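Below is one structure; the comments refer to it alone.
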Amino acid sequence: MPPRRPDAAPKFWETARRLVATHPDFVSVTYGAGGTDRATARQVVGRLLQGTPVLPIAHLTCVGASREDVEEVISDFLDEGVRSFLALRGDPPRDQPDWQPAPDGVRSSTELVALLREVEASRCASDPAVALRGAARPLTIAVATFPDGNPAARTTRTQEVRRLWQKQQAGASFAITQLFYDASSYTHFVAEARAAGVTIPILAGLLPTTEPVRLRRVEELTGVRAPQHLLDALDALPDPEAQHAYGIAYSVDLAQRVLDAGAPGLHVYTFNKHRAALDLLEGVHLGGGSRGTGGSTSAAAAPLVPDLASGPWVTGTSLPTTGAATHGTPV
């Protein structure tokens, strides 16, 4: 999430540096709180494009904006060199319970996906050089999906499968799930989606479960409730360090279950905190290392590059100097 204040920028970029050092497939960059501060988001995406080898994906929302406004924002990002977006409807104003989209607005993420494709096609048609660059670096559009239904929209899993199929038809490249706390939420959703004709990759969205306050805040924002037994267990622990250890163990188990079930990777919701995200990656050995046999790595099976689990840098002491690659772990 882009820093809201100038004095928060140094901490933000240190967190970004540590996450980028794991060589994720991409880093997603939100707008500010409530979909605001697009200028800062563009600055962050631009700096990631210019200064790192990691692909930044820019969040794009359409709620409360006219079609003309959304087209302008899309063009600004494309001019910046952005080639990947996460297309979201966005949240309506909380203080307007009877709010309705503007007649000339983009009313859904499906329409937003289609608009992104239209803007790209128009730009390519008007300029051969842009068309060439578009062919060399195709536009990628991610979308959100809700494995247990969307509480805010009061949809069921089956309805969300249908919506995901429609997003695919509109031109979505892959999907990222809302966070979940049980592996069956993901596996059952994917099975139903595949049966319905959804073929795009579906990335598992996970939030490290280390802070009970964060889990309760996320419930307020999303309607997705953490299991009571998890909250009770975290609340009973004596200090944040004990909560961190317990929460990472829970998250690693969940992550391993979905990876073993065939998930193409993990999208880690970091909330601008690197430690829990890195420890989660360490736990499932997504740092270019090898698990070895029985959970241990022998000398003969030692990885050519360090595993995230091999170094104290995950707790904040230093960064690796090798080119260790993290496959399938966008953050």
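Which FRET efficiency value, to the nearest 0.05, do you get for ASP253 and ARG4 by plugging their Cβ-Cβ distance into 1/(1 + (r/R0)^6) with R0 = 25 Å?
0.15
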Net lengthening on full extension, HIS229/GLU68 (0.36 nm per residue, minus Cα-Cα): 53.2 nm
Normalised contact order of the stretch 75-175, rounded percent, pairs of Cα under 8 Å and 6 or more residues apart: 32
In Hz, Karplus ³J(HN,Hα) per residue of the stretch 142-155 (6.51, -1.76, 1.60; θ = phi - 60°; x = Gly, Pro): 8, 9, 8, 9, 10, x, 10, x, 9, x, 5, 9, 6, 9
Carbon + sulfur, % of accessible area of the stretch 1-150 - ligands and nucleic acids excluded, 1.4 Å: 52
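The values are calculated or read from the model by the stated rules, or taken from the named source; none is laboratory data. Note that the structure is predicted; figures quoted are calculated from it, not measured. Positions of Cβ are generated from backbone atoms using ideal geometry, with glycine treated the same way; all protein chains shown enter the neighbour counts. Side chains included, ligands, DNA and RNA excluded: accessible areas come from the protein's heavy atoms. Shrake-Rupley method; radii C 1.70, N 1.55, O 1.52, S 1.80 Å.
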